[in-house]
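What follows is a set of notes on a single structure, which appears directly below.
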Amino acid sequence: MSMNHVRPWRNISRRNSRQIMVGNVPVGGDAPISVQTMTNTDTSDAKATIEQVQRAAVAGADIVRVSTPDEASTRALREIVAESPVPIVADIHFHYKRAIEAAEAGAACLRINPGNIGDAKRVSEVVRAAKDHGCSIRIGVNAGSLERHLLEKYGEPCPEAMVESALEHVKLLQDNDFHEFKISAKASDVFLAAAAYQALAEATDAPIHLGITEAGGFVSGTVKSAIGLGNLLWSGIGDTIRVSLSADPVEEVKVGYEILKSLGLRHRGVTIISCPSCARQGFDVIKTVSALEERLAHVTTSMSLSIIGCVVNGPGEALMTDIGFTGGGKDAGMVYLAGKQSHKMSNERMIDHIVELVEAKAAEIEAAKDAAE
Ligand code: SF4
């Protein structure tokens, strides 16, 4: 990310990881931190899965994972990959044959732990398939499914056991001269996950896939992920993220993006800054913001918009946003452009007006980008 010399307290210095490719998406190094999600359709139902992948991609997913537990899923994968606008990761658990089929079907990455698929011959067959088909691999350590010998050694899932597990899987890949891998060390407990990721970041230069597993429902999972992932990302750890929620994958993507946006690590779409509202508000802030969120969801150009109920905080916030609206008296408020007071607008017309202003600003930014290329 670019360093902010004016506001150095905003800088995040990312850990130096090496870069791998997941299809056409770079992961690690100086690549943007990518956002992933996972489908929850039956993968063998290619049509439903493609539809979900496409919705996730529209919401901003850079990479989508599908689980491939059986032959019917790996068969459907070919069609899913062909129709997907983003690289597809095939989630394999124990069946090395599914991994080979998934690689042949065009998966960009295999999520597989080589230590779980049997003898060395099977591992080398999977690695051969990955190499032949340009697949990367994600080693996915999970506190809930650590190997028995590590649980016996450490007594319970702990950061040391998780890192040791990851390094054992890494060794199997390296023994096969395979280096296109990234690693995750997930746990549902934020303390355990954060400590495991910190230790992993020290132990390897592989790109790191962050996630708090089984984080929970929409609200609790969002909070848990924001704390766990936010803390790690802030300290520079993490090259790709997945927020796990018991919710629609599109929501996972939105939350993932919001976490990255709030740390200035990615920029996409309109960031709305709005006040909680109170009796001073000059218009209905809550209704307005939810209407604007819906009507501006299609805008992918990065910009900021402040929607503030009154002059207590309105002018100050408007100073730091591209477009601003501050409530006032007499059923009208003030529009700010590039931090400067511009013109009055009635509360009644304000939503349509703000949408027009944002769309025009987005077109202007995109045209300037095109001209600069
Ligand atoms: S900005 Fe005004 S309306 Fe909004 S919460 Fe603060 S005092 Fe209330």
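At a glance:
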| item | result |
| --- | --- |
| Candidates Leu192, Leu151, Leu210 - the one that is under 24 Å from Gly118 (Cα atoms) and either modelled with pLDDT of 95 or more or open to solvent by 10 Å² or more (accessible area, probe 1.4 Å) (or both) | Leu151 |
| Residue count, region 325-350 (criterion: within 18 Å of Lys287 (Cβ to Cβ) and open to solvent by less than 50 Å² (accessible area, probe 1.4 Å)) | 10 |
| Output for region 192-232, where each listed residue is of a type in the set (Ser, Thr, Tyr) and either assigned to a strand (DSSP E or B) or in contact (Cβ under 8 Å) with a residue 40 or more places away in the chain (or both) | Tyr197, Thr213 |
| Identity of the residue in region 307-324, crowded, with 20+ Cβ neighbours inside 10 Å, within 14 Å of Gly282 (Cβ to Cβ) and not aliphatic (A, V, I, L, M), that ends up modelled with the lowest pLDDT | Gly314 |
| Residues of region 56-92 that turn out to be part of a helix (DSSP H, G or I) and either crowded, with 17+ Cβ neighbours inside 10 Å or not basic (Lys, Arg) (or both), as a count | 15 |
| Conditions (1) of a type outside the set (Ser, Thr, Tyr); (2) out of contact with any Asp or Glu (no Cβ under 7 Å at 6 or more places or on another chain); (3) open to solvent by 60 Å² or more (accessible area, probe 1.4 Å); (4) within 19 Å of Ala103 (Cα to Cα): number failed by Asp205 | (4) |
| When residues of region 260-288 are limited to those that are among the basic types (Lys, Arg) and closer than 19 Å to Asn11 by Cα, the one surrounded by the fewest Cβ atoms within 10 Å (Cβ to Cβ) | Lys261 |
| Boolean, Arg268 is basic (Lys, Arg) and away from the ligand (no atom under 16 Å from the Cβ) | yes |
| Single residue of region 271-282 satisfying the filter (within 28 Å of Trp234 (Cβ to Cβ) and in contact (Cβ under 8 Å) with a residue 24 or more places away in the chain) that is farthest from the ligand (Cβ to nearest atom) | Thr271 |
| Filtered residue count, region 351-362, keeping only those that are of a type in the set (Asp, Glu) and exposed (fewer than 15 other Cβ atoms within 10 Å of the Cβ) | 2 |
| Subset of region 283-317 [in contact with a Ser or Thr (Cβ under 7 Å, 6 or more places away or on another chain), of a type in the set (Gly, Ala, Ser) and within 11 Å of the ligand (Cβ to nearest atom)] | Ser306, Gly309, Gly314 |
| Filter result (out of contact with any Lys or Arg (no Cβ under 9 Å at 6 or more places or on another chain) and within 10 Å of the ligand (Cβ to nearest atom)) within region 318-329 | Thr326 |
| Criterion violated by Asp239 - all others in (1) open to solvent by 60 Å² or more (accessible area, probe 1.4 Å); (2) at pLDDT 95 or above; (3) among the charged types (D, E, K, R) satisfied | (1) |
| Which listed residue is modelled with pLDDT of 95 or more, under 22 Å from Asp177 (Cα atoms) and either open to solvent by 40 Å² or more (accessible area, probe 1.4 Å) or not acidic (Asp, Glu) (or both), from Gly118, Gly23 | Gly23 |
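The values are calculated or read from the model by the stated rules, or taken from the named source; none is laboratory data. Because the structure is predicted, anything quoted here is derived from the model rather than measured. Because the Cβ atoms are built from the backbone with ideal geometry, glycine has one as well, and the counts that use them run over all protein chains shown. Heads up: the accessible areas ignore ligands, DNA and RNA and are worked out on the full protein's heavy atoms, side chains in. Shrake-Rupley method; radii C 1.70, N 1.55, O 1.52, S 1.80 Å.
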